[in-house]
Amino acid sequence: MRHKAEPGGRRGWYSTDGGAALVLLAPMIVLFACSVVYPLIETIRLSFYDARGLGISRWVGFRNYTALASDPNFRSALLTTLIWTFATTILSVGIGWGLAVLCAFAPRATSPFRLMIFSAYGIAEAVSGFIWLGIYRPDDSGLLNAILGAIGLSDFHHAWLGDTSTALWGIIVAYAWTQVGLPLMTCFAAVRTIPRTIFEAAYIDGARPLSVMRHILVPLSLPGLAVAVFINLLNSLRAFDMIFVLTGGGPARSTETVGYFMYRESMLQFKLGYGAAATVILLLGVFIVSIPLLRQRTAAAK
């Protein structure tokens, strides 16, 4: 495509491909700077101040971070976050990966099943939380307790979200249910890229379904598994809605993650600087989790 030259035979910067791309990207760059970059910088700055509501902020340096290190509630939230992140990721990715491998044997017949499982991933976490509230209700009208009663296990009726020993695992199961759809689809897509000739050669050699699953489907679906693990880890680290709806961090703060700790300190206790410091630590955790994939993508690009 020829560009109209400016007087003197020179073209404007906007008439080049790079200049045109910059003009087209400018609105998105401005939006990204206003919605991501500025809040991030402001959060980091605020973490060095003692800011309480509308009062005057006072510079305290790293005092918020040292206070977090000695805060038993934060240490408990940090441990809960680690359990929550790894448990939800292992559970959701493991189930999704297994279902993807099984669906690979009958891709057309399992299409409605895969669509049904993936639809849970598109439901808002808050809506899913209200669904699971009905499942975990402590009385006989709760679905889980009703099922236990129907099969003669009424003695196992329990206040699942009101007991510190079961509340965390209850919301882990609920959250994992919403996340199974993504690893199912990514792993299934990876399996579908395997050439059919590999399966045909395996069956000609007399391989049985279990051998095909072990030596072909599982190893060659690992790229999709890696993507699913990365995305589910990030989703678990930033999870908030499910915890807010189901337990509100309770009972006795036993389900309080770092994300919910930040909300409690900033929005309920009005300790904005203290909550910002917790946010920065959570962001560092997200960055550390992202490093392996960033390195992998950079190496692939080279």
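The values are calculated or read from the model by the stated rules, or taken from the named source; none is laboratory data. Just so it is clear, the structure is predicted and the values come from calculations on it, not from any experiment. A quick note on method: Cβ atoms are made from the backbone with ideal geometry, for glycine too, and the neighbour counts reach across all protein chains shown. Please note that ligands, DNA and RNA were not included when accessible areas were found on the heavy atoms of the full protein model with its side chains. Shrake-Rupley method; radii C 1.70, N 1.55, O 1.52, S 1.80 Å.
Observations
- Out of Ala146, Ala176, one residue alone is without any contact (Cβ under 8 Å) to a residue 60 or more places away in the chain and either surrounded by 17 or more Cβ atoms within 10 Å (Cβ to Cβ) or more than 22 Å from Gly248 (Cα to Cα) (or both). It is Ala146.
- In the stretch 187-203, residue farthest from Val227 (Cα to Cα) [restricted to those that are part of a helix (DSSP H, G or I) and open to solvent by less than 30 Å² (accessible area, probe 1.4 Å)]: Ala202
- Exactly one residue out of Ser92, Ser119 is surrounded by 14 or more Cβ atoms within 10 Å (Cβ to Cβ), assigned to a helix (DSSP H, G or I) and under 20 Å from the mean Cα position of the chain (by Cα), and it is Ser92.
- Options Thr43, Thr85: the member that is under 24 Å from the mean Cα position of the chain (by Cα) and under 26 Å from Tyr175 (Cα atoms): Thr85
- Selection count, the stretch 55-77, where residues are surrounded by 12 or more Cβ atoms within 10 Å (Cβ to Cβ), more than 27 Å from the chain's Cα centre (by Cα) and aliphatic (A, V, I, L, M): 2
- Near pairs, Cβ below 6 angstrom, 6+ apart or cross-chain, from the stretch 110-121 (on the phi < 0 side of the Ramachandran plot) to any residue that is among the polar types (S, T, N, Q) and open to solvent by less than 40 Å² (accessible area, probe 1.4 Å): Ala120/Thr178
- Glu125 meets all of the listed conditions (1) touching a residue at least 40 places away in the same chain (Cβ under 8 Å); (2) of a type in the set (D, E, K, R); (3) more than 27 Å from Ala228 (Cα to Cα) but one, namely (3).
- Selection status of Val212, under 14 Å from the mean Cα position of the chain (by Cα) and surrounded by 12 or more Cβ atoms within 10 Å (Cβ to Cβ): no
- Failed item, numbered, when Ser47 is tested on (1) free of Cβ contacts under 8 Å to residues at least 24 places away in the same chain; (2) crowded, with 19+ Cβ neighbours inside 10 Å: (1)
- Here Tyr274 fulfils each of the conditions (1) modelled with pLDDT under 90; (2) touching an Asp or Glu at 6+ places or on another chain (Cβ under 8 Å) apart from (1).
- The sole residue among Gly152, Gly206, Gly170 that is part of a helix (DSSP H, G or I) and open to solvent by less than 70 Å² (accessible area, probe 1.4 Å) is Gly170.
- For the stretch 226-282, a tally of residues being within 19 Å of the chain's Cα centre (by Cα) and basic (Lys, Arg) returns 1.
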